[in-house]
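Visitor: Shown below is the structure under consideration.
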Amino acid sequence: MNEQIEKRRNPFFEPYNTPHDTAPFDRIRLEDYEEAFMEGIRRDNEQIEKTINNPEKPTFDNTIISKEDEPDGYYDLLDRVSTVFFNLLSAETNDEMDALAQKMQPILTQHANDVRLNEKLFERIKYVHRHHRKLTPEERMLLNNCYDGFVRSGALLDKAGKKKLRQLTEEASVLSLQFSQNLLKENKAFTLHITDEKQLDGLPQSAIEAAAEEARQREQDGWVFTLDYPSYVPFMTYSTQRDLRQQMYMAKNTECIHDNDFNNLEICKRLINLRREIAQLLGFKTFADYKLKHRMAGNVKNVYKLLNDLVDAYKPTALKEKEELKKMSKTGEIKQWDSAFYTHKLQLKKYNLDAEMLRPYFQLDKVIDGVFGLANKLYGITFKENKDIPVYHPDVKAYEVFDKDGSFLAVFYADFHPRKGKQGGAWMTQYQGQYIDRQGVNVRPHVSVVMNLTKPTAEKPSLLTLGEVETFLHEFGHSLHGMFANTRFESLSGTNVWWDFVELPSQFMENYSVEKEFLRTFAFHYQTGEPLPDELIRRIVKSRNFMAATGCLRQVSFGLLDMAYYTKKDEFTDDIIPFEKKAWKKAILGKQLPDTCMTVQFSHIMAGGYAAGYYSYKWAEVLDADAFSVFKKEGIFNQQTAQRFRDEVLSKGGTENPMVLYKRFRGGEPTIDALLKRNGIKKGER
C-alpha cells in the first residue's frame with residue numbers, strides 16, 4: 001500500500017481558522033516553535049532588506065510602517081510564535097520548553113540586535129525623523145518611539161560600541177531567563193508534608209481540604225502544603241505550629257540562595273552590572289537614568305522624593321501598628337513567621353473579621369459574574385464563554401467580549417489556579433494586540449489574565465479570600481486597558497504605555513473590592529445563597545486601612561531596593577544579602593534576618609520589566625486614588641464618568657503623554673491627598 005501521507009503543516013505558518021483567529025493551542029506541538037522562530041527571523045530579514053533597498057526616498061509610510069504595505073498573508077510570524085511561546089513559558093511550561101527557551105533566547109536577542117543595529121535601516125529612520133510629511137499625533141508618537149528605540153538600542157554607537165552592546169544584551173537576556181527558571185523550579189521543589197493531624201491545629205477547613213487534595217494529586221497520605229500563595233498564606237496566617245510556620249517562612253524566603261543549581265545570587269549581581277554597563281555605554285550615568293527618561297517620574301530625584309515622602313507620611317502610623325501587633329504576643333516579640341499569625345489575631349480583635357469569614361461568600365464563579373457585571377455597569381460590555389476557542393489548559397476559560405452596541409470587542413482568557421508548570425503571582429498578557437490594518441479593519445485584541453487563586457477541592461468549589469478578589473480586579477483592570485484599546489498602531493495600543501502609568505487602570509479597579517454596592521452584586525453564600533451580611537460589609541469597610549501604613553512601607557522598601565541597585569554608577573561588587581538589608585532599611589520596621597533574601601526571587605526587577613521601575617506601583621497608586629475620588633463624587637457606577645475614563649485613558653494606549661491623558665480625564669494634575677485620605681493618614685472622606 002503506497003499511500004502518500006500528507007506532511008503535517010506547522011500551525012503558525014497558515015491561517016489559524018479558529019474563532020476570531022485565536023491561537024490554536026490544541027494543534028501546536030513543541031517542535032513547531034523552533035521551526036516558526038527560524039522562519040520568522042528569515043521573513044523579518046527579508047522585510048528589512050526590502051525596506052533598506054527601496055530606491056525611493058525614505059518616508060514615514062515606506063520606512064516606519066512599511067509592513068502595512070505588504071501583501072495579504074504576510075503576517076508577522078516572529079511576533080506570532082514569540083507571543084504564544086513566551087506566554088506559555090510563564091503559564092504552562094515544562095522541561096522541554098525550558099530547554100528550547102535557553103536555546104532560542106540568544107538567537108532571538110541576536111536577531112533583535114541585528115535589526116536595531118542595522119546602519120542602513122537606521123539611516124532611513126533618521127532621515128524620516130528629520131524630514132517627514134505632516135503627521136497625526138499618533139504617527140508622530142510612533143516615529144519618535146521608533147527613532148528613540150533605535151538610539152536607546154545603540155544605533156549611534158561606533159563599531160566597537162555596537163559589538164560590546166551585543167555581548168551585554170545577549171548575556172542579560174540569557175541570565176534573565178535563567179533567573180525565572182531557577183525561581184520556578186526552587187518554588188515547586190519544596191513541600192511541607194504533614195501526616196500528624198495534630199499539626200493542622202488552627203488551620204481553617206478550606207486550607208486542610210486543599211492540602212488533602214494536593215496530597216491526593218501527589219499520591220501521598222495526609223496533607224501537603226506548598227509555597228504557592230493559596231497554600232502558603234493560609235498556613236502562615238492560621239497555623240498554631242510556630243516551628244512549622246518558621247519552616248515555611250524560611251523555605252519561602254531563602255529560595256534561590258542555597259548551594260544548588262538554582263542559586264540566583266551571582267545571576268542577580270551580574271544582571272545589575274550588565275544593565276549598568278548597557279546604560280553607561282549608551283551615555284547615561286546609571287541604569288535608572290536610562291529607564292526614567294521615558295517615565296512620568298522623569299528622573300531619579302523625583303522617584304526618591306515620592307518614596308521618601310511616603311516613608312515620612314506613613315512611618316509614624318506604621319510604628320504604632322507595629323506596637324499594637326506586638327501586644328498580641330505574650331512575649332511582646334514578633335518574628336517574621338509570626339507576623340501574619342498575629343496580624344490575623346489583631347484583625348479579629350479590632351474588627352471581628354478574617355479572610356475565612358468572607359471566603360464562603362466569594363465563590364469563584366460568582367466573583368467572575370461580579371467582575372464581569374461591574375464592567376457591564378460601567379461600560380456596557382458583556383462576556384460570553386465560547387468553548388470553541390482553543391485553550392492551553394483545562395483550567396483556562398475563553399470568553400468573547402461584546403461592546404455596548406453588540407459589536408465584538410475582544411477575546412478574554414482567564415487562567416485561575418496554580419499548577420506545576422506555572423509561575424507564581426498574577427499577570428495580564430495578550431496573544432494579539434489591537435491595531436487598525438491597512439484596509440481600515442480594527443483588529444481586536446486577545447487578552448489573558450493569569451492568576452494563582454484558591455483551587456476547588458473534592459468537597460468545595462473555589463472559594464476566594466477578599467485579597468484574591470482584589471487580585472482578580474487588579475488584573476482585570478489591566479485587561480480592560482487591553483480590551484478597550486482603539487489605536488492605529490499595535491505598538492501604541494492597550495498597555496503599551498509608560499511603565500509608571502500602566503498600573504493606573506489595574507489599581508483603580510481594586511477600589512471596588514470594598515464598595516458595598518459592588519459586593520451586593522455577587523457576594524452570596526455558596527451553600528445558602530444568602531447575601532454577604534451588612535454587618536460583615538461594614539467591618540470590611542471599617543477595616544480597609546488595617547495595617548495600611550505597614551503595607552505601604554513594604555511596597556516602598558521594594559522600591560528603595562530596586563533604586564539602590566540601579567542607581568549604582570560603579571561596578572556592583574557587594575554581597576547581595578547584606579546590601580539588600582541596608583538598601584531598604586529606612587522602610588523596614590523590625591530586625592532583619594541575616595539569612596533571608598528577597599532580591600533573588602524579585603522577578604519584577606530581575607526578569608520582569610520593572611528594573612528601576614518598581615516605584616511605579618506607588619506612583620500609580622497616587623493616580624488611582626485621585627481618579628477613584630472622581631467616581632466617589634460622581635457615582636461609582638456613573639456611566640458618563642466611566643465613558644470619560646475609557647475615552648481619555650483606557651482606549652488611548654501610548655498615543656500621547658500619559659499626564660496629558662490623565663489631565664484630560666481629571667481636569668488637572670493628581671495630588672497625593674486622595675491617597676492619604678483613603679489610607680486614613682490624612683483626615684477627610686476616603
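Visitor: Out of the residues in region 180-198 that are within 28 Å of I257 (Cα to Cα) and more than 30 Å from the chain's Cα centre (by Cα), which is least open to solvent (accessible area, probe 1.4 Å)?
Guide: My answer is I194.
Visitor: Considering region 356-390 alone, what residues qualify as being touching a Pro at 6+ places or on another chain (Cβ under 8 Å) and in a loop (DSSP other than H, G, I, E, B)?
Guide: N386, D388, I389, P390
Visitor: How many residues are more than 22 Å from E171 (Cα to Cα) and open to solvent by 30 Å² or more (accessible area, probe 1.4 Å) when one looks only at region 80-116?
Guide: Residues that pass the stated criteria total 3.
Visitor: Out of everything in region 278-305 that is open to solvent by less than 30 Å² (accessible area, probe 1.4 Å), outside any loop (DSSP other than H, G, I, E, B) and touching a Phe, Trp or Tyr at 6+ places or on another chain (Cβ under 8 Å), what residue ends up being nearest to S616 (Cα to Cα)?
Guide: V303
Visitor: Which one is farthest from the chain's Cα centre (by Cα), of the residues in region 335-353 that are surrounded by fewer than 19 Cβ atoms within 10 Å (Cβ to Cβ) and farther than 28 Å from I537 by Cα?
Guide: My answer is K335.
Visitor: Taking E656 and the conditions (1) acidic (D, E); (2) under 20 Å from M509 (Cβ atoms); (3) touching a Pro at 6+ places or on another chain (Cβ under 7 Å), which numbered condition does it fall short on, given that it satisfies the others?
Guide: (2)
Visitor: Further question: Looking at this structure, is K586 under 23 Å from G332 (Cα atoms) and in a helix (DSSP H, G or I)?
Guide: Yes.
Visitor: Residues R520, R538, R488: which one is more than 30 Å from R216 (Cα to Cα), within 26 Å of the chain's Cα centre (by Cα) and among the basic types (K, R)?
Guide: R488
Visitor: Please go through region 209-231 and pick out each residue that is touching a helix residue (DSSP H, G or I) at 6+ places or on another chain (Cβ under 6 Å) and either buried (at least 19 other Cβ atoms within 10 Å of the Cβ) or aromatic (F, W, Y) (or both).
Guide: Correct list: W223, V224, F225, L227.
Visitor: Can you list residue pairs whose Cβ atoms sit under 7 Å apart, with the first residue in region 360-389 being of a type in the set (V, I, T) and the second being open to solvent by 60 Å² or more (accessible area, probe 1.4 Å) and at pLDDT 95 or above? Count only pairs 6 or more apart in sequence or on different chains.
Guide: Pairs found: I381/K404; T382/N376.
Visitor: Of the conditions (1) farther than 19 Å from I636 by Cα; (2) touching a Ser or Thr at 6+ places or on another chain (Cβ under 7 Å), H525 fails just one. Which one is it?
Guide: With respect to (1) farther than 19 Å from I636 by Cα; (2) touching a Ser or Thr at 6+ places or on another chain (Cβ under 7 Å), H525 is out only on (2).
Visitor: Collect the residues in region 239-290 that are of a type in the set (K, R) and farther than 16 Å from D595 by Cα, keeping them in residue-number order.
Guide: R242, R245, K269, R270, R275, R276, K285 - these are the residues of region 239-290 that are of a type in the set (K, R) and farther than 16 Å from D595 by Cα.
Visitor: Go through region 555-572 residue by residue and tally those that are assigned to a loop (DSSP other than H, G, I, E, B) and without any contact (Cβ under 8 Å) to a residue 24 or more places away in the chain.
Guide: 1
Visitor: Look at G161 and say whether it is open to solvent by less than 80 Å² (accessible area, probe 1.4 Å) and in a loop (DSSP other than H, G, I, E, B).
Guide: No: the conditions fail for G161.
Visitor: Of the residues that sit in region 447-501 and are open to solvent by 10 Å² or more (accessible area, probe 1.4 Å) and among the β-branched types (V, I, T), which one is modelled with the lowest pLDDT?
Guide: If we take residues in region 447-501 being open to solvent by 10 Å² or more (accessible area, probe 1.4 Å) and among the β-branched types (V, I, T), then T457 is modelled with the lowest pLDDT.
Visitor: Same structure, new question: So, of the residues in region 432-485 that are in a loop (DSSP other than H, G, I, E, B) and of a type in the set (A, V, I, L, M, F, W, C), which turns out to be farthest from A212 (Cα to Cα)?
Guide: V441
Visitor: Mind listing just one residue for me: the one in region 380-399 that is open to solvent by less than 20 Å² (accessible area, probe 1.4 Å) and touching a helix residue (DSSP H, G or I) at 6+ places or on another chain (Cβ under 6 Å) and, of those, nearest to E92 (Cα to Cα)?
Guide: Going through the qualifying residues, I end up with I389.
Visitor: Then there's this: Residue check, V622 against (1) touching a Leu at 6+ places or on another chain (Cβ under 6 Å); (2) β-branched (V, I, T); (3) more than 17 Å from A297 (Cα to Cα), all met but one. Which one?
Guide: In the conditions (1) touching a Leu at 6+ places or on another chain (Cβ under 6 Å); (2) β-branched (V, I, T); (3) more than 17 Å from A297 (Cα to Cα), V622 misses (3) alone.
Visitor: Pick out the one residue from H393, H417 that is touching a residue at least 24 places away in the same chain (Cβ under 8 Å), in a loop (DSSP other than H, G, I, E, B), within 21 Å of F522 (Cα to Cα) and of a type outside the set (D, E).
Guide: Only one candidate qualifies: H417.
Visitor: Any chance region 507-521 includes a residue that's open to solvent by 10 Å² or more (accessible area, probe 1.4 Å), in a loop (DSSP other than H, G, I, E, B), more than 30 Å from A318 (Cα to Cα) and in contact with a Ser or Thr (Cβ under 6 Å, 6 or more places away or on another chain)?
Guide: No: zero hits.
Visitor: Looking at region 400-413, which of the residues that are touching a residue at least 24 places away in the same chain (Cβ under 8 Å) and more than 19 Å from F637 (Cα to Cα) is surrounded by the fewest Cβ atoms within 10 Å (Cβ to Cβ)?
Guide: Ranking the qualifying residues of region 400-413, first place goes to F408.
Visitor: Related question: Could you please give the count of residues in region 20-58 that are over 28 Å from L117 (Cα atoms), out of contact with any strand residue (DSSP E or B) (no Cβ under 6 Å at 6 or more places or on another chain) and open to solvent by 40 Å² or more (accessible area, probe 1.4 Å)?
Guide: Summing the residues that are over 28 Å from L117 (Cα atoms), out of contact with any strand residue (DSSP E or B) (no Cβ under 6 Å at 6 or more places or on another chain) and open to solvent by 40 Å² or more (accessible area, probe 1.4 Å) in region 20-58 gives 6.
Visitor: Return yes when S506 is at pLDDT 95 or above, touching an Asp or Glu at 6+ places or on another chain (Cβ under 9 Å), small (G, A, S) and closer than 30 Å to Y610 by Cβ and no when it is not.
Guide: Against the criterion (at pLDDT 95 or above, touching an Asp or Glu at 6+ places or on another chain (Cβ under 9 Å), small (G, A, S) and closer than 30 Å to Y610 by Cβ), S506 qualifies.
Visitor: Check R124, R130 and return the single one that is open to solvent by 40 Å² or more (accessible area, probe 1.4 Å) and of a type outside the set (D, E).
Guide: R130
Visitor: Let me ask something else about it. Given the criteria more than 26 Å from N486 (Cβ to Cβ) and touching a Ser or Thr at 6+ places or on another chain (Cβ under 6 Å), does E580 qualify?
Guide: Here the answer is yes, as E580 does meet what is asked.
Visitor: Turning to a different aspect of this structure: Evaluate the following for L589: is it open to solvent by 30 Å² or more (accessible area, probe 1.4 Å), in contact (Cβ under 8 Å) with a residue 60 or more places away in the chain and touching a Leu at 6+ places or on another chain (Cβ under 8 Å)?
Guide: It is true that L589 is open to solvent by 30 Å² or more (accessible area, probe 1.4 Å), in contact (Cβ under 8 Å) with a residue 60 or more places away in the chain and touching a Leu at 6+ places or on another chain (Cβ under 8 Å).
Visitor: Quickly run through region 252-269 and pick out the residues that are open to solvent by 20 Å² or more (accessible area, probe 1.4 Å) and either of a type in the set (S, T, Y) or more than 13 Å from I605 (Cα to Cα) (or both).
Guide: N253, I257, H258, D259, N260, D261, F262, N263, L265, E266
Visitor: Sticking with this structure for a sec: So in region 597-653, with the set limited to residues that are assigned to a helix (DSSP H, G or I), within 17 Å of G667 (Cβ to Cβ) and of a type in the set (S, T, N, Q), which one is least open to solvent (accessible area, probe 1.4 Å)?
Guide: Per the criteria, the residue is T641.
Visitor: Let me ask you something else. I'm checking my understanding of the structure. Among residues of region 294-305 that are out of contact with any Pro (no Cβ under 7 Å at 6 or more places or on another chain) and in contact (Cβ under 8 Å) with a residue 12 or more places away in the chain, which one is nearest to N273 (Cα to Cα)?
Guide: The extreme case among them is V300.
The values are calculated or read from the model by the stated rules, or taken from the named source; none is laboratory data. Quick caveat: nothing in here was measured; it's all calculated off a predicted structure. Every residue, glycine among them, receives a Cβ derived from its backbone with ideal geometry; neighbour counts consider all protein chains shown. Side chains are part of the model used for accessible areas, which takes the heavy atoms of the whole protein and leaves out ligands, DNA and RNA. Shrake-Rupley method; radii C 1.70, N 1.55, O 1.52, S 1.80 Å.
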